[in-house]
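Here's the structure we're looking at; comments come further down.
The values are calculated or read from the model by the stated rules, or taken from the named source; none is laboratory data. For clarity, every value in this text was computed on a predicted model and none was experimentally measured. Please note: Cβ atoms are built from the backbone with ideal geometry, for glycine as well, and neighbour counts cover all protein chains shown. Please note that ligands, DNA and RNA were not included when accessible areas were found on the heavy atoms of the full protein model with its side chains. Shrake-Rupley method; radii C 1.70, N 1.55, O 1.52, S 1.80 Å.
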Amino acid sequence: MPHHLDLPQGFRWGASTAAYQIEGAVDEDGRGSSVWDVFAARPGAVRDGHTGAVACDHYHRWPEDIALMQGLGLDGYRFSLAWPRIRPTGTGPVNEAGIAFYDRLVDGLLAAGITPLPTLFHWDLPQALEDGGGWLDRDTAYRFAEYAAVAADRLGDRVPAWITLNEPFVHMVYGYALGIHAPGRALMLDALPAAHHQLLGHGLAAAALRERGLQVMIANNLTPVRPATDDPADVEAATAYDALHNRLFTDPLLLGRYPDLSAFGLTEDLGGVVRPGDLKLISAPGLDGLGVNYYNPTRIAAPADPALPFTEAPIEGVPRTAFDWPVVPDGLRELLVGLRDRYGAALPPITITENGCSVADAPAADGTVDDPDRISYLAGHLDAVAAAVAEGVDVRGYYTWSLLDNFEWAEGYHQRFGLVHVDFETQVRTPKASYAWYRDLIAAHRASPGR
Ligand code: GAL
C-alpha cells in the first residue's frame, strides 16, 4: 500500500542535484576552473582525496538520468548551472559550448514532461573570481547578476522559475568561516561580508530575472533551533544561533532588514558592509517562492568558548543517518509553521528544495539496493510537510535530495544520498528500493490528492 499523503492537488514532486556533485567533465568544452576544483586538489581537503572530476559523469549520461527521472514521474527537476561553464573566468566572454550543454539538458527535460528548476549558484564559483576576493568582494555580486542575465537570456524561453542561490548560510560558514568547504577560508566572523554579498547578488540577479519575466526563488538551509534547556543562558544562545543560521538569510529578503546580531558584536550594517539601497534591492517585492532545505533541527546551549555566543549540543535518543545527523521529522513541521508564524503575510509560498538522508547503501548479491532507512526518513518528513499544510502553511512542492548518489563535498563519495545507487567505478545506476517507493507515492498522490 503506498503511503497516503494529505497534500493538495497540483503539489509538485521533484528531485534535486547540483552541478559539481554530478556533472564531472571539469575540463570539457571550455569550462573554467571553479573553487571546488582547486579546493578538492588540496591534500587533505576532501576525504580520501576524492574530487568532482568525474562524479556521476552526468555531463555525458544525462539522457539516462532524465529517463530515471521520468521513471519516477517527477514534475520537476532541480539542478544547478555551473557558472564556470557559462562564463569561465566569471568576467570574460560567454562560453557557448557550456551553454549548449544546458540547452540540451533543458530540452531533454521538457521532452520528458519535466519542468527544469535551475539554481544559478550551488557553490562552484569561478576560481578567477575567488582570486579577486570571492564573495568577500562586493564586485562578485555584480558579476553574479551578469551571469544570471546571460543564463536567463539563453534558457528563459523554456525555464519559467529560477533559484538564485543555494544555502548562502552553509556556503558562508563552511566555505569562508570554517574552511571545511571551498574556497577553504577560515575567517570565523570575518566571513560575514560573504553573507551580505551573496544576498546582494541574489537581489541583483532577481532584478535581472524579473526584467525578463521570470519567477525568482532562493533555497535556504533552515533549521528549527531548540535551546538545550530552559535555562535563560541556553535560551539566549539559541536566539543568537537562530539569528545567524535562519534570520540572517531570511529577514533581509522578507523584512528588508538584518536581524539583531549584537550577540556576535555586529552592528546592523555588518560593520559598514551594507550600503544604502542594498536592503531595498534584496527585499524587492515579488519573491515567488522560498526554497527550504531541511535536514535536522539544531540544539543550542550557552557558550563553552567565549569566541562565539553559542555551543551546539547533541540531540540524543533519535535515529541517526550514516552522516550521524539526527533524524527528527517533526522538526520540518516545526520549521514550516515557525516560518509562517514569524513572517506572516511576508512569507511567499514554500517549496521544499532539499530533504533526504545519507545511508551506507550497497548492492546485495542479487544486485538490488534495499534502503528502508531512507524510505522511513522520507515518509516521516513528508508526513511532517502534510502536517504543516494541515496547519495552514502554503507548501507547493517537495524536491528530495538527491536523485543520484554523488560527490558529497568534503566527504567525497562516502555519503550516499541518492534514490539511485551509483557505482563510481563503472557509473552503473541502480534504482534503490526508495526509488520505487517514491515513484509509487507520487503516482498514488496524483490518483487521489488529499485536498
Ligand atoms: C546541502 C547541499 C547539498 C547536499 C546536501 C547533503 O547542504 O545543498 O549540495 O550536499 O546538503 O549534505
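Each part reduced to its alpha carbon centroid, the stretch 23-45 and the stretch 238-260 end up 33 Å apart. Apply the a/c threshold of 1.5 to the C-alpha gyration tensor of the chain and tell me whether it is rounded, prolate or oblate. In terms of gyration-tensor shape, rounded. Once the chain from ASP341 to ARG275 is taken as fully extended at 0.36 nm per residue, the excess over their C-alpha distance is 20.8 nm. Quick one: if the Förster radius is 30 Å, what FRET efficiency do SER262 and TRP325 give, using the C-beta to C-beta distance and rounding to 0.05? The computed FRET efficiency comes out at 0.50. Expressed as a whole percent, the accessible surface of the chain that belongs to carbon and sulfur atoms is 53, based on a 1.4 Å probe.
Taking GluC sites (Glu not before Pro) in DSSP loop conformation with at most 13 other Cβ atoms inside 10 Å as exposed sites, the chain has its longest uninterrupted site-free stretch at 1-267. Once you keep just the Cα pairs under 8 angstrom separated by 6 or more residues, what percentage relative contact order results for the chain? Taking the mean separation of contacting Cα pairs over the length of the chain, I get 19 percent. Dividing the helix sum by the residues of the chain, where each DSSP H run of 4 or more adds -39500 (n - 2.57), gives a mean residue ellipticity at 222 nm of -10500 deg cm²/dmol.
In this simple spin-label model, placing a label point 7 Å from the Cα along the Cα-to-Cβ direction at both ALA97 and LEU110 gives a separation of 2.5 nm.
Annotation: extensible slack from ASP48 through THR368 equals 112.5 nm (criterion: 0.36 nm per residue apart, minus Cα-Cα distance). On a per residue basis, the chain carries 36 Å² of accessible surface, using protein heavy atoms and a 1.4 Å probe. For the chain, DSSP calls about 20 percent of its internal beta bridges antiparallel. The trypsin sites (Lys or Arg not before Pro) of the stretch 88-190 that meet both conditions, a loop assignment by DSSP and at most 13 other Cβ atoms within 10 Å of the site Cβ, are ARG158. The mean sequence distance of close C-alpha pairs (under 8 Å, at least 6 residues apart), as a share of the length of the stretch 266-385, puts its relative contact order at 27 percent. FRET efficiency for the ASP6 to ASP27 pair, using the beta carbon distance and R₀ = 51 Å, is estimated at 0.55.
Rank PRO88, PRO43, SER33 by how far each Cα sits towards the positive end of the charge dipole of the stretch 1-113 (+1 on Lys, Arg Cβ; -1 on Asp, Glu Cβ) and give me just the farthest. The residue sitting farthest along the positive end of the dipole is PRO43.
In terms of its C-alpha gyration tensor, the stretch 270-347 has an oblate overall shape, because the principal axis ratio a/c (a ≥ b ≥ c, square roots of the eigenvalues) is not below 1.5 and a/b does not outweigh b/c.
Taking the Cα centre as origin and putting +1 on Lys and Arg beta-carbons and -1 on Asp and Glu beta-carbons, what dipole magnitude results for the chain, to the nearest 20 debye? Computed charge dipole of the chain: roughly 1020 debye.
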